[in-house]
Amino acid sequence: MKDIMNMNVKKIAFGAAVVFFTNFAYAQTVQDGINSIDSDKFAQAKTNFTNMIASAPTDENYFYLGNTFLKQGEPDFAAATDSFNKGLAVSSKSYLNKLGLATVKLGKGDKNAIGEIQKIVTDSREKDAEVLFRAAEALTLFEKNNSPDLAIEFLNKAIERASRKEVPAHYYYTLGDAYRLKKIPGDAMTAYDKALPLAKNKASVYTRIGTLWMAAQQWQQAKTSIEKAIATDPSYAPAYKALAAYDIRYQQNAKATQDLINYTKYADEDPYTQLEIAKLYFTNEDYTNSKQVLDKIFDKINDPIKFKLRAYQLFADGKYPEAMQNMDNFVSQAEKSRIQPADQGLQGLIAAGLAKTETDAAKKAALTAEAQQKIAIAKAAKDETMKWDMELAKIAGGGASQADVDAGPSNPMIDGLKQKVAANAQDTDSLFKLATAYQDVKNWNGAIATWQKMSTILPDWAPAYYSLGYSYQQASNNDAAKIAYEKYISTVKPAEVDANKQTLAYAYFAVAYLSKESDVAKAKDYVAKSVQLDPTYQDAVKLNAEINK
């Protein structure tokens with residue numbers, strides 16, 4: 001799921017900060033806690049700062065504990081707020097804790113917090129590089145609620161003030177994070193390059209560089225940088241999380257699972273870190289491990305995000321009523337700003353699943369309408385967390401199980417191609433041949449499953465969707481066929497229309513023919529487009545005349 005991968009990459013990119021103090025003995029203790037955060041050892045960091053508060057309950061120590069709750073995989077705003085308020089009780093003028101409370105507001109979606117952060121910096125007279133840095137960090141911490149321009153301004157001032165002694169590496173790589181938010185990768189890379197020679201743990205910077213290359217879809221450079229991070233520090237957990245995202249992207253499920261095992265080994269048992277691991281397992285389609293991890297921590301986490309992940313797991317198992325209950329729990333308990341278009345899309349898919357077995361006509365119609373409306377929200381937002389059309393197709397009956405595939409016709413050629421695909425899941429040539437071989441022997445479940453794999457690896461390759469539609473149609477799954485044909489139509493690029501006129505004409509005709517009873521207006525529109533593309537296509541000409549009498 002793209003929203004989960006994006007979130008994981010974001011946390012790798014924005015998950016670290018280092019504090020600069022002149023008192024070396026004091027800095028070592030603070031540094032230990034911050035290094036733990038950077039290494040995704042949040043339980044260790046919380047223990048570190050809690051112990052510091054026990055021995056020295058200063059406003060700064062309360063800030064660093066509160067900040068740890070904001071930096072973990074899913075922010076714990078309540079715990080962070082409690083710590084910041086305690087810091088202000090120690091010193092009502094604490095700029096750091098005032099920034100902490102403003103950061104909580106920003107994380108919850110209150111854009112007025114940006115103005116508050118700016119005022120806090122002004123009140124500090126910009127004398128303290130640490131206040132400037134933490135203000136900038138707050139403005140880059142949340143993917144959807146941020147102000148990178150202001151962050152860059154504060155960071156440049158922090159760098160200028162710190163340059164009188166030595167600029168800490170984290171000032172530069174946070175500057176890189178800000179440029180990432182502005183989608184200026186060149187300036188982000190320049191900032192990371194400046195951080196690299198200054199960083200005590202270069203794995204942290206190499207990992208950021210790797211995730212920047214991933215965001216730019218420069219996959220080979222990404223892998224090289226992540227491998228440098230691991231070579232520099234084999235125990236640096238976030239590098240394995242980044243590598244898992246890379247391997248998930250390339251459908252290397254076994255490798256991704258090993259990456260996650262390594263991540264688990266080098267991170268810690270903090271429940272929120274384990275929640276991140278459960279998400280990654282789910283993205284890797286390793287539902288068993290995802291469920292096992294979530295079961296272990298479910299009662300230890302107060303954040304309602306746990307209900308959303310449980311809903312995804314239950315949806316994947318086809319347990320639609322239970323999935324709906326968990327989504328209802330998430331929506332009712334989560335801050336409204338945390339409810340994303342993908343969440344509504346998932347609710348729509350669950351409604352479609354419930355509609356499939358609903359026997360009451362009125363309830364079925366209501367569920368179908370809800371499914372269409374909520375999935376439309378996700379698609380309008382261009383959310384790609386899930387392949388909405390393909391998931392609908394599976395619900396409609398297109399999700400052939402391996403048992404269904406194996407029960408169908410086969411031959412030695414199919415057996416040989418299956419072995420090739422098993423050895424290399426990215427072998428698109430063998431996948432194409434296998435799907436075609438399944439079609440030749442009329443094993444439509446096999447064809448469906450294989451074309452689905454092809455469309456996952458090559459989501460912009462239109463012919464896979466056409467062949468998927470044809471296979472669904474032959475399997476008498478007309479609802480799924482319509483969805484696949486429409487996906488084919490929408491995926492053909494404008495420059496490719498002339499070369500694909502005949503195939504497009506059939507796709508439009510097929511949708512029209514399959515819709516003529518349920519949606520006459522759509523059937524008329526699509527058959528007219530079919531005739532326009534190929535005036536000699538007699539089936540389309542006849543259907544056009546029939547439905548326009």
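Structure values in brief
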| read-out | value |
| --- | --- |
| Leu243 under 24 Å from Ala267 (Cα atoms), open to solvent by 10 Å² or more (accessible area, probe 1.4 Å), within 25 Å of the chain's Cα centre (by Cα) and touching a residue at least 12 places away in the same chain (Cβ under 8 Å) | yes |
| Checklist (1) within 17 Å of Ala507 (Cβ to Cβ); (2) part of a helix (DSSP H, G or I); (3) among the acidic types (Asp, Glu) applied to Asp460, failing item | (2) |
| Residues that are hydroxyl-bearing (Ser, Thr, Tyr) and in contact with a Leu (Cβ under 9 Å, 6 or more places away or on another chain), drawn from the range 507-549 | Tyr508, Tyr513, Ser530 |
| Filtered residues of the range 266-283 (kept if open to solvent by less than 30 Å² (accessible area, probe 1.4 Å), part of a loop (DSSP other than H, G, I, E, B) and of a type in the set (D, E, K, R)) | Asp268, Asp270 |
| Lone qualifier among Ala507, Ala481 - being at pLDDT 95 or above and under 30 Å from Val421 (Cα atoms) | Ala507 |
| From Arg208, Arg180, residue being within 23 Å of Glu74 (Cα to Cα), open to solvent by 20 Å² or more (accessible area, probe 1.4 Å), of a type in the set (D, E, K, R) and in contact (Cβ under 8 Å) with a residue 60 or more places away in the chain | Arg180 |
| Positions within the range 377-432 being among the small types (Gly, Ala, Ser) and surrounded by fewer than 15 Cβ atoms within 10 Å (Cβ to Cβ), in sequence order | Ala380, Ala381, Ser401, Ala403, Ala407, Gly416, Ala422, Ala423 |
| Residue match in the range 469-492 (condition: closer than 16 Å to Ala437 by Cβ, of a type in the set (Phe, Trp, Tyr), in contact with a Leu (Cβ under 8 Å, 6 or more places away or on another chain) and in a helix (DSSP H, G or I)) | no |
| Ala231 aliphatic (A, V, I, L, M), open to solvent by 40 Å² or more (accessible area, probe 1.4 Å) and modelled with pLDDT of 95 or more | yes |
| When residues of the range 341-364 are limited to those that are open to solvent by 20 Å² or more (accessible area, probe 1.4 Å) and touching a helix residue (DSSP H, G or I) at 6+ places or on another chain (Cβ under 7 Å), the one farthest from Asn146 (Cα to Cα) | Glu358 |
| Tabulated pairs, the range 448-460, first open to solvent by 60 Å² or more (accessible area, probe 1.4 Å), second among the hydroxyl-bearing types (Ser, Thr, Tyr), C-beta under 7 angstrom, 6+ apart or interchain | Leu458/Thr428; Asp460/Thr491 |
| Residues satisfying the stated conditions in the range 131-165, i.e. in contact (Cβ under 8 Å) with a residue 24 or more places away in the chain and in a loop (DSSP other than H, G, I, E, B) | Leu139, Thr140, Leu141, Phe142, Glu143, Lys144, Asn145, Asn146, Ser147 |
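Here is a yes/no grid of residues against (1) open to solvent by less than 60 Å² (accessible area, probe 1.4 Å); (2) touching an Asp or Glu at 6+ places or on another chain (Cβ under 7 Å); (3) among the aliphatic types (A, V, I, L, M); (4) touching a residue at least 12 places away in the same chain (Cβ under 8 Å):
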| position | (1), (2), (3), (4) |
| --- | --- |
| Thr264 | yes, no, no, yes |
| Glu285 | no, no, no, yes |
| Lys296 | no, no, no, yes |
| Ala316 | yes, no, yes, yes |
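The values are calculated or read from the model by the stated rules, or taken from the named source; none is laboratory data. Worth saying up front: this structure is predicted, and the values here are computed from it rather than measured. Glycine gets a Cβ as well: all are built from the backbone with ideal geometry, and neighbour counts include every protein chain shown. Note: accessible area is taken over every heavy atom of the protein model, side chains too, but ligands, DNA and RNA are not part of it. Shrake-Rupley method; radii C 1.70, N 1.55, O 1.52, S 1.80 Å.
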